[in-house]
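I have placed the structure first, in the form of structure tokens, so that the comments after it can refer back to it.
Any read-out appearing in this document is the output of simple, stated calculations on the displayed coordinates, not a laboratory observation. Predicted model, so just to flag it, every value in this text is computed and none were measured. Ideal geometry is used to build each Cβ from the backbone, glycine not excepted, and the neighbour counts take in all protein chains shown.
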Amino acid sequence: GAVKTYRIASIPADGIGPEVIAAGLQALDALARRDGGFTFDVTEFDWGSDRFKKTGALMPADGRDQIKDFDAIFFGAVGAPDVPDHVTLWGLRLPICQGFDQYANVRPTKILPGITSPLAGVGPGDLDWVIVRENSEGEYSGNGGRTHQGMPEEVGTEVSIFTRTGVTRIMRYAFELARSRPRKFLTVVTKSNAQRFGMVMWDEIAAEVAQEFPDVTWDKMLVDAMTVRMVKDPKSLDTIVATNLHADILSDLAGALAGSLGVAPTANIDPERRYPSMFEPIHGSAFDITGKGIANPVATFWTASQMLDHLGETNASARLMRAVEKVCADGIMTPDVGGTATTQEVTDAVCEAIRAEN
Ligand code: NAI
Ligand code: MG
């Protein structure tokens, strides 16, 4: 058949972002060569903190227009030591996520072979989760303000916005995802004891949507108790859905329990495919290791595999994850997970595993 070409907008941005995106593009190239049925047409955008320092904006005013017709966005990390974090986050990542209504943030976590979890006695197979984070509203909707700045009577508000539309659609997405996994099991996380309005509405909508999925088992947890369950009984969890803030925190914990933030991926999905979806490692720009050549590229490989799934290239996606697991099992790993390899050595090994696989 005809060779498909996927148009990818690459936004490496700051810190180790360019290092891990370069690694991810090498793996994608190896997959395309190996498969033969598709190629990538990658356009790089120089958006990020350097652009902000030169021009006053992390991305151009028509930035979203420039990337809206791409098949996917491949994103590194944004954040610089000398720019406030709320400026970088709201200047680049959130305008893309919110402007493209990428309302489902999907964060798989598992312990890869060869990687040691900080949890005693927990190894590959004992922790295999997907966290679904509501990515368009909630605590990060941007509603709030400050008055009397700097005065003793200063007030700051940060208002969580939960809508029936927003909660219902993320709940459906999470139940669908739970249904697609072998255990067909979903845990709904809220804080509906202390927060009586939005969170109680979450619980009610969960129960309503659950009726549409009689084949999916579900339970619910308060977010504080959830941290305990994740640490003490990781096997008891499978698919998890939570608000923007709660899932942000829980997925950092999940990444740490799986061995390192450097292996944790994320996909910002517009399930209705009106806009391109965006794929990125969970980690940030990691100033402490920038330029040292030791950033772990595994999170970026894993999110590249999520991108391939989204594009419908499921064979290539699975091949990439098999290559990553083989390379981890062989002990070719960066220092954050106890190895001595560089980013490039891990990348070369993954590309070689892609080429060599039968
Ligand atoms: P971080 O994720 O950049 O780093 C936390 C720790 O994990 C550091 O010790 C770092 O060296 C290590 N680490 C992270 N990724 C790694 C990798 N691939 N390989 C090896 N080690 C890795 O988080 P931090 O330090 O809180 O934030 C740094 C900057 O990144 C800030 O400006 C923050 O706002 C930004 N940030 C951006 C995100 C994004 O673009 N989505 C997400 C999180 C933070
Ligand atoms: Mg986070």
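Mind telling me which of the residues A207, A194 ends up being within 24 Å of I269 (Cα to Cα) and either of a type in the set (G, A, S) or under 19 Å from the mean Cα position of the chain (by Cα) (or both)?
Being within 24 Å of I269 (Cα to Cα) and either of a type in the set (G, A, S) or under 19 Å from the mean Cα position of the chain (by Cα) (or both) holds for just one of A207, A194, which is A207.
I'd like the residue in region 99-123 that is polar (S, T, N, Q) and in a strand (DSSP E or B) and, out of all such residues, is farthest from the chain's Cα centre (by Cα).
First, pick out the residues of region 99-123 that are polar (S, T, N, Q): 102, 105, 109, 116-117.
After this cut, where a residue has to be in a strand (DSSP E or B) as well, the list is 105, 109.
Details: N105: 6, T109: 10 Å.
Top of the filtered list is T109.
Could you tell me which of the residues S277, S236, S317 is away from ligand 1 (no atom under 14 Å from the Cβ) and in contact with a Leu (Cβ under 7 Å, 6 or more places away or on another chain)? Walk me through it before giving the result.
Working: S277 fails: in contact with a Leu (Cβ under 7 Å, 6 or more places away or on another chain); S236 fails: in contact with a Leu (Cβ under 7 Å, 6 or more places away or on another chain).
Step by step, each of S277, S236, S317 is checked, and only S317 is away from ligand 1 (no atom under 14 Å from the Cβ) and in contact with a Leu (Cβ under 7 Å, 6 or more places away or on another chain).
Just for helices (runs of 4 or more DSSP H) wholly inside region 272-358: which have at least 1 residues that are within 16 Å of ligand 2 (Cβ to nearest atom) and of a type outside the set (D, E, K, R)?
Output list reads 298-311.
Kindly evaluate T55 against the criterion of being away from ligand 2 (no atom under 16 Å from the Cβ) and touching a residue at least 24 places away in the same chain (Cβ under 8 Å).
Spelling it out, it is not the case that T55 is away from ligand 2 (no atom under 16 Å from the Cβ) and touching a residue at least 24 places away in the same chain (Cβ under 8 Å).
Here's the yes/no breakdown for (1) closer than 22 Å to V78 by Cβ; (2) in contact with a His (Cβ under 6 Å, 6 or more places away or on another chain); (3) among the charged types (D, E, K, R):
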position: S285; (1), (2), (3): yes, no, no
position: A295; (1), (2), (3): yes, no, no
position: V298; (1), (2), (3): yes, no, no
position: E313; (1), (2), (3): no, no, yes
position: R319; (1), (2), (3): no, no, yes
position: G338; (1), (2), (3): no, no, no
position: Q344; (1), (2), (3): no, no, no
position: A356; (1), (2), (3): no, no, no
